[in-house]
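Input: a single structure, listed below in structure tokens.
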Amino acid sequence: MRLARRIETLPPYLFAELDRKVAERRAAGADVISLGVGDPDLPTPPHIVEALREAAADPSTHRYPSYYGLGDLREAIAAFYGRRFGVELDPETEVLPLIGSKEGLAHLAFATLDAGDEALVPDPGYPVYATSTALAGAMPRLFRLDQAGGFLPDLDALPAASATKLMWLNYPCNPTAAVADGAFFARAVAFAEQHDLLIAHDAAYSEVTFDGYVAPSALAAPGGKERVIEFGSLSKTYNMTGWRVGYAVGSRAAVGALATLKTNLDSGIFTAVQRAAVAALTGPQDHVERMRAVYQARRDVVVDGFRDVGVPLKPPLGSIYVWVPVPSGHSAGSFARELLESAAVVVAPGTGYGPGGEGFVRISLTVADDRLAEAMSRIRSRLA
């Protein structure tokens with residue numbers, strides 16, 4: 001049997017590989033602490049769980065859901081954007097619920113790119129951007145994000161060409177934890193207009209921010225609603241990674257194209273999960289500030305721990321990650337291997353996010369406080 005060449009050329013997914021390595025070490029008896037995967041350890045708020053329980057008991061939710069998402073959910077997403085970002089959205093044409101934002105990100109490439117097209121992909125960046133571009137038959141054209149530039153692209157130097165149709169952005173950023181302001185998004189939208197591009201902005205971490213920083217929406221930039229499709233997720237804001245619910249909003253053309261593709265590929269989100277998502281977006285939001293406080297305290301544990309052994313770190317203002325330069329004499333891979341083998345601590349090597357990730361590892365803040373403190377104690381002992 002011969003498989004499709006596109007599958008044969010795919011690299012192993014980074015987080016699947018991390019899971020495999022953790023399983024191997026634990027099978028050998030090691031007390032492994034994984035700081036690799038960004039999966040919140042905090043529970044979903046009770047009122048959301050209760051909304052799911054009630055909806056799941058309703059037989060009407062056991063049938064096929066709407067292909068385009070519940071009207072109530074589309075309206076709740078639009079209302080959230082109005083309150084949070086001052087952006088008005090038409091729930092019918094500018095909002096599309098997704099089976100998690102990753103699904104929508106991956107499918108967008110198939111809805112917008114043809115063979116021979118190019119997409120500008122951040123390096124380092126979330127692997128799905130480059131992978132989905134390549135699977136769609138298009139060419140990922142990497143643009144470097146470096147520490148000197150605050151891990152923001154140099155828009156004046158981006159290699160846009162006539163074949164370039166899409167640019168991926170992600171702020172607050174996975175993996176670098178960099179953030180962007182409204183002025184940056186205004187420049188990015190102007191760049192997209194100049195080169196007739198669509199911007200796909202992954203805003204999954206927009207509500208996980210610290211030290212007074214408030215993340216803007218790219219849609220709020222002048223011309224943003226015409227040039228941007230923005231992806232959001234309930235996974236990180238409401239600790240709902242396993243529920244698989246997110247959304248795409250913005251450009252009517254892009255949202256419409258994604259919706260057309262999805263109606264041919266899936267049958268929508270379980271209606272009970274959609275009702276729970278409505279409860280999340282419209283219900284009490286007090287847990288969000290508590291969540292931020294937990295992650296900020298954990299961020300400080302990581303930053304202070306590395307500073308104690310001479311690794312200079314600036315506390316990130318967003319996301320659930322810390323992007324850490326590796327010690328002199330190490331590559332990203334060798335440092336990650338040493339921590340796993342000698343300290344039983346898993347970190348994600350930066351090269352898993354592109355060649356521009358060399359020299360860094362990503363640490364996730366989604367482990368219990370005592371386990372994070374123990375992990376940092378082990379790391380400090382290796383670096384002291």
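If you average the C-alpha positions of the range 186-206 and of the range 63-93 separately, how far apart do those two centres end up, in angstrom?
Cα centroid to Cα centroid, the span is 21 Å.
Remind me, relative contact order of the chain in percent, using alpha carbon pairs under 8 angstrom and six or more residues apart?
Value for the chain: 24 percent.
Are there trypsin sites (Lys or Arg not before Pro) in the range 1-78 that DSSP marks as loop and that have at most 13 other Cβ atoms within 10 Å, and which are they?
Working: sites: ARG2, ARG5, ARG6, ARG20, LYS21, ARG25, ARG26, ARG53, ARG63, ARG74; in loops: ARG2, ARG63.
Passing both the DSSP loop test and the Cβ count: ARG2, ARG63.
State log₁₀ I(q)/I(0) for the chain at q = 0.13 Å⁻¹ as given by the Debye formula over alpha-carbon point scatterers of equal weight, solvent excluded.
Debye curve over Cα of the chain, log10 I(q)/I(0) at q = 0.13 Å⁻¹: -1.12.
Which of the aspartates and glutamates could be linked to LYS225 by a straight reach, that is with a Cα gap under 18 Å, when you skip same-chain ones fewer than 8 residues away?
Excluding near neighbours in sequence, the set is GLU75, GLU88, ASP90, GLU92, GLU94, ASP181, GLU193, ASP196, ASP202.
All of the numbers you see were taken from the coordinates with simple rules; none came from a lab. Just so it is clear, the structure is predicted and the values come from calculations on it, not from any experiment. In this analysis, Cβ positions are derived from the backbone assuming ideal geometry, glycine residues included, and neighbour counts consider all displayed protein chains.
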